[in-house]
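What follows is calculated from the coordinates using simple rules that are stated; it is not laboratory data. Because the structure is predicted, anything quoted here is derived from the model rather than measured. Using ideal geometry, Cβ is built from the backbone for each residue, glycine included, and neighbour counts are taken over all protein chains shown.
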Amino acid sequence: MHPLFEKAGECARYIKGHSEALVISHIDADGVASAAVMCKMLEREGMDYGVRFLKQLDSVALNEIADLGKQLVIFTDLGSTMIDQINALGMDIVIADHHQPAGRGEYHLNPHLFGINGANELSGSGAAYLIWRAMGSTQDLADLAVVGAVGDLQDLREGRLIGMNRQILEEGVRGGVLSFKTDIRLFGRQTRPVHKLLEYCSDPYIPGITGDEEGCLRFLNDLGIKLKDADWRRWIDLRKDEKQQIVSGLMRLCIASGISPYKVERLVGEVYTLLKEEEGTELRDASEYSTLLNATARYGHAEIGLAVCMGDRSDAYVFAQNLLAQHRRNLSNGLNFVRDEGVVTLENLQYFHAGNNIQDTIVGIVAGMSASIEGISKELSIVALADAEDGIKISARGTQDLVRRGLNLAVALKESAEQVGGAGGGHDIAAGATIPRGTEEKFISILNEKIGLQLGDGHEQHNV
Ligand code: C5P
Ligand code: C5P
Ligand code: ZN
C-alpha cells in the first residue's frame, strides 16, 4: 500500500477515537470542498462537529482555536505551513493539507511528505478524500475531490489531472460520479450562450473575440453556427462537428494574431463532468462548480458554498449563483485595473499594487489571470499587492518554466515576508503572504533578490 494511504488510514482511525471535532478550512474552492468531504465523513460516523473557515492560519487564529477546547481539531487545506505552532498547542489534531509543510507530525497527511507534489498531484480535498476512503467509504465523494483540485488549477500544467488526482478521478469514474473528456476549456460550457462563452475567453486573449460580443457573434455567424433554438444555444447544446468547427476557427484566429502555439493548445484540454448533478447547471462541470465555491468563500460566505457541497439546491444554491455573478464582475474589473495600470518590472519579477481596487481575497486569482494580458511578461513571476485588514496581502504566480529553473515562490515569499515581520507560504508555482503596511518596498526588493538567487544557480536546497 502506498505510504500516503497508510497515513490516511492512521488519520481515519484517530478520528474514529473521538466523538466530536472542529473542522478548520481555507476560504477557497478547495478549502470548501475539503471541509465538505470531512463534514460528510463526520456526519456518517455520527460525530458532533463544527466548521470554521479562515483566510489564513496565523498564531492569533490558532490561539482562538485552542481556546474553544474541542476534543479534536481537523485542519483541511491549511495547517502544514504552521505545523510546529500547531504541535506546540498540545491539542488532538489531524491535518489534511497540500501546502509545502514546515515539518512533520503524527496525523499529518500531506503529499509533499511522501514525495508527491501538492501543487498539481493532490489537493486539500484530495487529501480529505483519502481519509474518507480509509474509513471504508465509497468513491462517491471523488467528485468533490476533483472540484477542489480543479479549483486550485491543478490540471493547468498538463491540461489534465495527473498523479494521485488522476487515481481519484478514475475511482470517481468507476463509482459512476465522474466522467472526463477533451473539450474546449472555457468558463460556462454548461450555462452560457456560446457567444458569451467565447467573449469571456481571457487565456489566451484573442483579438476580435475576447471582450468583443459583436466579434463573437460575427465569428459564429461566419462559421454558419446557429445561435438560437428556442433559447440561446450553450456549448453543451452544440453538435460535435459544430464544436470542432469553432475550436479550429479559434485556433486559426490565434495563429493569425501571433499567439504562441503553446497558448493555443491550452484552449483544449480535459474537462470533468459531475454525473450526479443536473445538466445545464454550474454544478455539472468541475471548473464552474469550483468558481461558484470561490464566489462564496472568498467573500465571507464559505458556509454557503459548504451548504451547496452538502447538497443544498435551494436557498444556499440561489445565493451562491448570485455571488457568482458578482464574483465574475469583480474579476473582470480587477483585470481591467491591471490592464490600465500596468506593472512595474524589476530584474526577477513584475508587480502591481492594487491598493483597495481589488479585494485581498481575489487578488491572487486576478494575478494568475493577468498573465494573459498583453504587455505582461510571460517570463517573469507576477506579484500582486493589495490592502488588507491586517496589513498588505501579497499574491505571487510563477510559470512552469521558472519552476523548472529553480523558482519556489512558497520559499521566497515565506522568507521575504518573515524578514519584514510578515508570514507566507503556498506552492512553488503560486504563493501568498501578508506583510505589515509600510514594508512593501523593502519586501519587493528582498523578494526580487531571493527569486534571483533561486533562478541563478537553481541548486539551492531549502526546507520549508
Ligand atoms: O491555497 P491553495 O493551495 O488552495 O491555492 C492554490 C493556488 O495556486 C490557487 O489560487 C491556484 O490559482 C494557484 N495555482 C496556479 N497555477 C498552478 C497551480 C496552482 O496559479 N499551476
Ligand atoms: O492568496 P493566494 O491565492 O495568492 O495564495 C496562493 C497560495 O499561497 C495558496 O495556496 C495559499 O494557501 C498560500 N498562502 C499561504 N500563506 C499566506 C497566503 C497564501 O500559504 N499567508
Ligand atoms: Zn488547496
### Mean separation of Cα contacts under 8 Å (6+ apart) over length of the stretch 184-316, as relative contact order %
25
## Note on the structure
Rounded to the nearest 5, the percent of antiparallel DSSP beta bridges in the chain equals 60
#### Entry: Once the Cα gyration tensor of the chain is diagonalised, semi-axes √(5λ) in Å
34, 28, 19
### Query
When the Karplus curve 6.51 cos²θ - 1.76 cosθ + 1.60 is applied with θ = phi - 60°, which whole-Hz ³J(HN,Hα) does each residue of the stretch 106-116 get, with x for Gly and Pro?
5, 10, 10, 9, 8, x, 4, 6, 10, x, 10
### Task
Please compute the net charge surrounding residue 197, taking Lys and Arg as +1 and Asp and Glu as -1 over other residues with Cβ under 14 Å from its Cβ.
-2
### Query
Rg (Å, one decimal) plus Dmax (Å, integer) for the alpha carbons of the stretch 184-316?
16.2, 47
#### Entry: Per-residue ³J(HN,Hα) for the stretch 393-408, Karplus 6.51 cos²θ - 1.76 cosθ + 1.60, θ = phi - 60°, Hz, x for Gly and Pro
7, 10, 10, 10, 9, x, 10, 4, 4, 5, 4, 4, 8, x, 4, 9
### Query
Can you pull the semi-axes for the stretch 3-150, root of five times each eigenvalue of the Cα gyration tensor, sorted largest first, whole Å?
20, 17, 15
